[in-house]
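*Asks:* Got a structure here, written out as structure tokens. Questions coming.
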Amino acid sequence: MVNILSYTCIGIGIVFWFWGTFPLLGDRSVLFKLHSLSVADTLGSMSIVVGLLLQIPSEWPLLILALISLTIWNTVLGYVLAYCSSSKN
């Protein structure tokens, strides 16, 4: 049962990764494209890490650190991109 749940989380993560690339093909602004890509990438990566946590629970400190790092890094990166793209008068 744990294997099925683990592979489901990993599969959902891969779906999120591909789902985040579809807005790149649209005609929206660059910031919208970056936002949707970073959100989908973050959710996909976190889902994959949770799937790995179910597969190898002995490595939980490292995988929890990976989850926290993903959350902080992608949030800070979003703020940096928004700041860099804002117009300066």
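What follows draws every value from the coordinates through simple rules; no lab data is involved. Computed from a prediction, not measured in an experiment: that's the story for all the values here.
*Asks:* As a test of the formula, what do you get for the chain when each DSSP H run with n ≥ 4 contributes -39,500 (n - 2.57) and the sum is divided by the residue count, at 222 nm and rounded to the nearest 500 deg cm²/dmol? Kindly include the intermediate steps, with their values, before the conclusion.
*Replies:* Working: 3 runs with 72 residues, N = 89.
Calculated at 222 nm, the ellipticity per residue is -28500 deg cm²/dmol.
*Asks:* I've got another one for you. With axes computed from alpha carbons, what is the tilt in degrees of helix 60-85 against the longest principal axis of the chain, rounded to the nearest 10 within 0 to 90?
*Replies:* 10
*Asks:* Calculate log10 I(q)/I(0) of the chain for q = 0.15, 0.16 Å⁻¹, where I(q) comes from the Debye formula with a single equal point scatterer on each Cα and nothing for solvent.
*Replies:* Log-scaled intensity ratios, in q order: -0.64, -0.70.
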